[in-house]
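Colleague: The following block contains the structure, expressed as structure tokens.
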Amino acid sequence: MEVVTSIKPFLAVLVSAVAVVLILASSRNPDLREFWSFGAAIVKFLIVLSMTPVIMDGKVIEFTLFTILPGIDFGFRVDALGLFFATTASFLWIITTAYSIGYMRSLNEHSQTRYFACFAIALSSAIGVAFAKNLFTLYIFYEILSIMTYPLVAHNEDKDAWEGGKKYIVYLVGLSKTALLAAIVMTYMITGTLDFKEGGIFTAGMQPVLVTLTYVFFLIGFAKAGIMPFHNWLPSAMVAPTPVSGLLHAVAVVKVGVFSVVKVILYTFGLDAMGLFNLGIPTAFFVSFTILAASIIALTKDDLKARLAYSTVSQLSYVILGVALLTPDGILGGIMHIANHAFSKITLFFCAGSIYVASHIKKISRLNGIGRKMPFTMAAFTIGAFSMIGVPAVAGFTSKWFLVIGSLQAGSIALMVVLLASTLLNAAYFLPIVFRAFFKEPEPGSHTEQVREAPPFVVVPLTITAVISVIIGIWPDYFLEIAEMVIHEGADIWKAH
Amino acid sequence: MSWTELYNHHLLSIIIFLPLLGAVALLFMKNERLIRWWTLAFMVADFMLTTCLVFKFDSTTHRMQFVERYGWIERFNIDYYLGVDGISVLFVFLTGLVGWICVLASWTAIEKRVKEFMIALLVMQTAMIGVFCALDFFLFYVFWEIMLIPMYLIIGVWGGANRIYSAVKFFLYTLAGSILMLVGMIVLYFKAGGSFDIPYLMEQKYEFTLQAFLFILFFVAFAIKVPMFPFHTWLPDAHVEAPTAGSIILAGVLLKMGTYGFLRFSFPMLPDASLFFAKPVIVLSIIAIIYGGFLALAQEDMKKLIAYSSVSHMGFVTLGLFLFNKNGIEGGILQMFNHGITTSALFLCVGLIYERTRTRLLGHYGWAAKLVPWYAVFLFIFSLASLGFPGTNGFIGEFLILLGAYEEYKLYLVFLIIGIIVGAAYMLWMYQRVAFGKHHAEGGHEIKDVNLREVVAMVAFLVFVLWVGFHPVDFLNIVDDSVAHLISQVKGGELLTEAAVEAAH
């Protein structure tokens, strides 16, 4: 594979880190401060975009800063998978910045400078994870992301926020310092390197017990992926302001988790080793439990954000399930779902925030008739919900389609049943909300009467993400082509089977 | 003798005695302002010389460099014999760095008897660097003992309320250790036919029973200094009562003397016994790591918390050293250096906040992020370094030790990781209690953020936190050859039975 050396990935990471300084420096001038956020977001997106042609040519971009230890560099490597995730995350940062301005200013939130600064660092680290050259670099950015999102989660600084923040940090840092660190040490000792490589670095002839143990430690260590039983931090983190929940807990943080798992499956273990040590299908069955259980829990939640949180837990495992199938379409579906879920779920979170800004309602049971008062918001919500369910012509359909085909390729009817059953569950917990909003009469005495649509800074972003959800549902080509580059690399292996 | 000649041939002597020279001159000064600047100037000059030493150091050999040797007490074959290898040069440098930061840390904190305090600091500096440079066992012992006195005074005169108790406890523990070392030293002297020459003593072969006996003597002496479980109880007392500079010296340099002793004496001179006792020492280290961590978790006093965290961190060091593989020993040495940087920085942070609030109880804080944001940023970074956050020095050290432990015996990983997670718990919890929760200090006091002097001191530490964190190769290169040589000294040595020794005679 041809390697191009370019500083671009480093710049993409650096942009928002530089923006932090500017954001902090202009804390007294909110308009200027938000200008820096916007500017950095756009520049970052353009840098990521400018790397696309090179990657689509079948090349990879590398940039090594320096060597940490023999065999371990601190450096970046852009491949199709990383580009896919970085494109999604950096684009959504632009939208979220706009939304954050609307949300934070309408609610007159405190500590907005800290908020925007932490947000920028979080994005830097998410891109750092996407472009990490090896596990070591990935680990650095992964940990920075955990720590720097803590102020965002605990933003409200009340008792709930401290509790939620504590749980967040204990789960994420706790598991990454135990299981993930152990997995990295074991990987290094077994293979002598931590680099990501097409086809993986694990080979036949290694001790199956150790390899399996390493793999299990990876799955546990990447707690951001929200695999049960290590998912509890996610619902607690919903105490955060809604834009945080939107970008971080639908895009950056949780997707960094599943992205890391996918990266490790494809580039550290490799499809050969995954098959050889029989790790793929057991993983798929293991995460199936999360898919179903989280959906069932979501049914019981009346708090809108809590329901969305459990929906996220469930949907994240789709990605892992798809990749763990180890079949071309399964992997394609899994990777596609990173983007599809991101666009749709962020729409849903934005809607939840919009409802809160306009009416201060958090409970689903109080949403009767709100659709007529907030038509844009609830229309967008409906699109997002359809995408989650997997209704054709909306984003989620594409990924589910590939996932189902992938499960058939893997010869597992049971996994296909899991996917279909979860579709029903998705419908069961999303459609009642839509029904309530549009078709039920407001309860007498509720103050839904006075509710008006949220301010444009809030409504426009969520309309954009909803529209994009539809567009990438009808024309999935852009993301599909990048995702196909990923499985292109594994093509030889499938031919051999 | 010209200046260049002095610089080229007597660099170690200059580095050792420059602070003492400064101390002598201080005797004739009265103005406190002048005294402070004078001390700072000498410490900075000394630091610059240690920097030159590191740059002049040739890291492609394990041999002793900058050697100076003159007869001293010829009747007993005692020489004034100095030299450094890759291991000691790193700690000479660390001592140089810590020296001037200690002066900055005491700038306003020490209000009474400034002159005497600064003299104590300077004498301490001479003794500490002397310990790392000495290649004559007797000379080593002299420097080792000289260290006791200024340290005793620093704790006993300028310490907190319970200072006398702590100072005496410190003195007795350390003295007990050095007496055992003295016995061991004399035995070695006679066994080797009357020599205190350390490189010569390393080349000798001793029968196993003697090695075991000497190992235990040295072990207790050094284990007290480290301090290893169960000899650690003097440490929290000494730290809590010592003024900030005292704590920094203790954590930054004195604790390293113990592990340095293992590296310089126990391993190369007593290789068979070192290998034989490796397992029990590792068990003690694991106890220290986990028990020390839990003790830290239970502390309400910020300084005590960091003191107990030292016990845990030094457990990592001793464990790494006694693994006797490259990753383990290099990780151990690097972690000694890291602990010197990070823990000193944390004690500095404690000192700063104590100076402002006159309390060290964590329950009284909670406003740092609001009232003193820059302080909060520094404390945050040092806390992360202490818990081994990737990208900081602590991570590299721990990582190497983990690699070494995995290589030796996979299950060690489990215990180490428990230690690491407890470490993350007490550091993050400490940080939370210092930084978050309250919007006002008690009694509505105005609390000032860090000033330039304090920033300079903390940035000096910060540089090394990140330097080691992102580019540890610079530091590992220095010790590489010396460690390889050390491992060959230990593992190359075959077990000599007493019969074989007799046959050789």
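The values are calculated or read from the model by the stated rules, or taken from the named source; none is laboratory data. For clarity, every value in this text was computed on a predicted model and none was experimentally measured. When we count neighbours, we look across all protein chains shown, and the Cβ atoms used for this are built from the backbone with ideal geometry, even at glycine. All accessible areas refer to the heavy atoms of the entire protein, side chains included, with ligands and DNA or RNA removed. Shrake-Rupley method; radii C 1.70, N 1.55, O 1.52, S 1.80 Å.
Colleague: Peptides B:263-273, A:111-121, B:69-79, A:277-287: what's the order by average Cβ count within 10 Å, highest mean first?
Modeller: On the way: B:263-273: 24.5, A:111-121: 21.6, B:69-79: 12.9, A:277-287: 19.4.
So the order, starting with the most tightly packed, is B:263-273, A:111-121, A:277-287, B:69-79.
Colleague: Another question, then. Taking amide H positions as placed in the peptide plane 1.01 Å from N, state which residues far from A:Thr64 in sequence (5 or more) or on other chains have amide H under 5 Å from it.
Modeller: The answer is A:Phe76.
Colleague: Using θ = phi - 60° and the Karplus curve 6.51 cos²θ - 1.76 cosθ + 1.60, what whole-Hz ³J(HN,Hα) does each residue of region B:47-53 get, with Gly and Pro shown as x?
Modeller: For region B:47-53, the Karplus-derived couplings read 4, 4, 5, 5, 4, 4, 4 Hz, x marking Gly and Pro.
Colleague: Over chain A, with the other protein chains present, what is the accessible area per residue in square angstrom, probe 1.4 angstrom?
Modeller: Working: 16040 Å² over 497 residues.
Per residue, chain A has 32 Å² of solvent-accessible surface.
Colleague: How much of the DSSP bridge set in region A:1-271 is antiparallel, in percent, rounded to the nearest 5? Walk me through the intermediate numbers first.
Modeller: Numbers: 9 of 12 bridges.
Antiparallel bridges: around 75 percent, rounded to the nearest 5.
Colleague: Give me a single rounded figure for A:175-181: the average over its residues of other chain Cβ atoms within 10 Å of their Cβ.
Modeller: 5
Colleague: Now a separate question. In the neighborhood of B:Asn338, defined by Cβ-to-Cβ distances under 14 Å, what is the net charge if each Lys or Arg adds +1 and each Asp or Glu adds -1?
Modeller: Values: positive: B:Lys256; negative: B:Glu330, B:Glu398, B:Asp474.
Neighbour charge sum, excluding B:Asn338 itself: -2.
Colleague: How high is the FRET efficiency between B:Leu466 and A:Val18 when r is their beta carbon distance and R₀ equals 25 Å, given to the nearest 0.05?
Modeller: Numbers: r = 17 Å, r/R0 = 0.70.
FRET efficiency, B:Leu466 to A:Val18: 0.90.
Colleague: Same structure, new question: Any residues in region A:31-73 that have 50 Å² or more less accessible area with all protein chains than in their chain alone, probe 1.4 Å, and which are they?
Modeller: Buried-area filter returns A:Phe66, A:Ile68, A:Leu69.
Colleague: Residue by residue through region B:313-322, which ³J(HN,Hα) values in whole Hz follow from phi under the Karplus form 6.51 cos²θ - 1.76 cosθ + 1.60 (θ = phi - 60°), with glycine and proline marked x?
Modeller: For region B:313-322, the Karplus curve yields 5, 5, x, 4, 4, 5, 4, x, 4, 7 Hz.
Colleague: Another question about this same structure. Hey, what do the phi angles of region B:381-398 turn into as Karplus ³J(HN,Hα) couplings, whole Hz, using 6.51/-1.76/1.60 and θ = phi - 60°, x for Gly and Pro?
Modeller: 5, 5, 5, 4, 4, 5, 8, x, 6, x, x, 10, 4, x, 5, 4, x, 4
Colleague: Average partner chain C-beta neighbours within 10 Å, per residue of B:391-403? Before the final figure, lay out the partial values.
Modeller: Working: counts 9, 1, 0, 0, 7, 3, 0, 3, 9, 2, 1, 7, 6.
For this peptide, the per-residue mean of nearby foreign Cβ atoms is 4.
Colleague: Could you tally the net charge around A:Pro235, taking each other residue with its Cβ under 10 Å from the Cβ of A:Pro235, Lys/Arg +1 and Asp/Glu -1?
Modeller: On the way: positive: A:Lys167, A:Lys301, A:Lys305, A:Arg307; negative: A:Asp303.
With Lys, Arg at +1 and Asp, Glu at -1, the neighbours total +3.
Colleague: Percent of accessible area on the protein assembly as shown owned by carbon and sulfur, 1.4 Å probe? Please report the intermediate quantities before stating the final value.
Modeller: Numbers: 22740 of 33930 Å².
The C+S portion of the solvent-accessible surface of the protein assembly as shown is 67 percent.
Colleague: Check each of the trypsin sites (Lys or Arg not before Pro) in region A:370-460 and keep only those in coil by DSSP with at most 12 other C-beta atoms within 10 angstrom; list them in order. Spell out each step's value before the answer.
Modeller: Numbers: sites: A:Arg372, A:Lys373, A:Lys400, A:Arg436, A:Lys440, A:Arg452; in loops: A:Lys440, A:Arg452.
Sites meeting the loop and neighbour criteria: A:Arg452.
Colleague: With everything on Cα atoms, drop me the angle between helix B:11-26 and the longest principal axis of chain B, reported from 0 to 90° to the nearest 10.
Modeller: Helix B:11-26 sits at roughly 50 degrees to that axis.
Colleague: Here's something else I'd like to know. Can you give the translational diffusion coefficient of region B:354-430 in µm²/s, computed by Stokes-Einstein from the Kirkwood radius over Cα pairs at 37 °C and 0.692 mPa s? Let's see the in-between values first.
Modeller: Numbers: Rh = 14.3 Å.
For the chosen part, D equals 230 µm²/s.
Colleague: Right, something else. Mind jotting down the distance between the C-alpha centroids of region B:89-155 and region A:116-145, whole Å?
Modeller: Region A:116-145 and region B:89-155 have Cα centres spaced 42 Å from each other.
Colleague: Taking the Cα centre as origin and putting +1 on Lys and Arg beta-carbons and -1 on Asp and Glu beta-carbons, what dipole magnitude results for region B:180-324, to the nearest 20 debye?
Modeller: Roughly 140 debye, rounded to the nearest 20.
Colleague: Follow-up. Under Stokes-Einstein, with the Kirkwood radius over Cα pairs standing in for Rh, what whole-number D in µm²/s applies to chain A at 25 °C and 0.890 mPa s?
Modeller: Taking Rh from Cα pairs, D becomes 110 µm²/s.
Colleague: For chain A, take the longest principal axis of its alpha carbons; what is the angle in degrees between that and the long axis of helix A:30-50, to the nearest 10 within 0 to 90?
Modeller: Between the helix axis and the principal axis of chain A, the angle is about 40 degrees.
Colleague: With only Lys, Arg, Asp and Glu charged, each at its Cβ (+1 for the first two, -1 for the last two), find how big the charge dipole of chain A is about the Cα centre; round to the nearest 20 debye.
Modeller: On the way: 31 positive and 28 negative charges, 218 e Å.
The calculation lands at about 1040 debye.
Colleague: With charges only on Cβ, +1 for K and R and -1 for D and E, what is the dipole size of chain B about its Cα centre, in debye, rounded to 20?
Modeller: On the way: 31 positive and 35 negative charges, 304 e Å.
It works out to roughly 1460 debye.
Colleague: To continue, here is another question. With solvent modelled as a 1.4 Å probe, how much accessible area in total do chains B and A shield from it at their shared surface, in Å² to the nearest 100?
Modeller: Its buried surface, counting both partners, is about 2700 Å².
Colleague: Is the C-alpha gyration tensor of region B:1-61 telling us rounded, prolate or oblate? Criteria: a/c under 1.5 is rounded; beyond that, a/b larger than b/c is prolate, otherwise oblate.
Modeller: On the way: a/c = 3.45, a/b = 2.11, b/c = 1.63.
Prolate, because a/c is 1.5 or more and a/b exceeds b/c.
Colleague: Based on the mean of other beta carbon atoms within 10 Å per residue, what is the order of B:307-315, A:71-79, A:406-414, most packed first? Write out the running numbers ahead of the final one.
Modeller: Values: B:307-315: 27.9, A:71-79: 21.9, A:406-414: 17.2.
Taking the mean over residues of other Cβ atoms within 10 Å, the ranking is B:307-315, A:71-79, A:406-414.
Colleague: If you don't mind, another one. Ignoring everything except DSSP H segments at least 4 long, calculate the 222 nm mean residue ellipticity for the protein assembly as shown; use -39,500 (n - 2.57) per segment, divide by total residues, nearest 500. Don't skip to the end; give the middle numbers.
Modeller: Details: 46 runs with 718 residues, N = 1002.
Value at 222 nm, helices only, nearest 500: -23500 deg cm²/dmol.
Colleague: Shifting gears a bit: Can you pull the mean other chain C-beta count within 10 Å for peptide A:348-355?
Modeller: Details: counts 0, 0, 0, 0, 0, 0, 0, 0.
For peptide A:348-355, the averaged partner shielding equals 0.
Colleague: Expressed as a whole number of Å, what is the distance separating the alpha-carbon centroids of region B:288-350 and region A:38-78?
Modeller: One Cα centre to the other: 37 Å.
Colleague: Give the shape of the protein assembly as shown as rounded, prolate or oblate, defined through the alpha-carbon gyration tensor: a ≥ b ≥ c are the square roots of its eigenvalues, a/c under 1.5 means rounded, and otherwise the shape is prolate if a/b is larger than b/c and oblate if not. Please report the intermediate quantities before stating the final value.
Modeller: Details: a/c = 2.49, a/b = 1.74, b/c = 1.43.
It comes out prolate by the Cα gyration axes.
Colleague: Per residue, how many Å² of accessible area does region B:2-44 show with a 1.4 Å probe?
Modeller: Details: 2570 Å² over 43 residues.
Per residue, region B:2-44 has an accessible area of 60 Å².
Colleague: Could you provide, to the nearest whole Å², the per residue accessible area of region B:186-242 with probe 1.4 Å?
Modeller: About 33 Å² of surface per residue is accessible.
Colleague: Going by average Cβ neighbours within 10 Å, how do the peptides B:337-346, A:54-63, B:324-333, A:24-33 rank, with the highest at the top? Don't jump to the answer; show the numbers that get you there.
Modeller: Details: B:337-346: 28.1, A:54-63: 17.0, B:324-333: 24.6, A:24-33: 13.6.
Ranking, from highest mean packing down: B:337-346, B:324-333, A:54-63, A:24-33.
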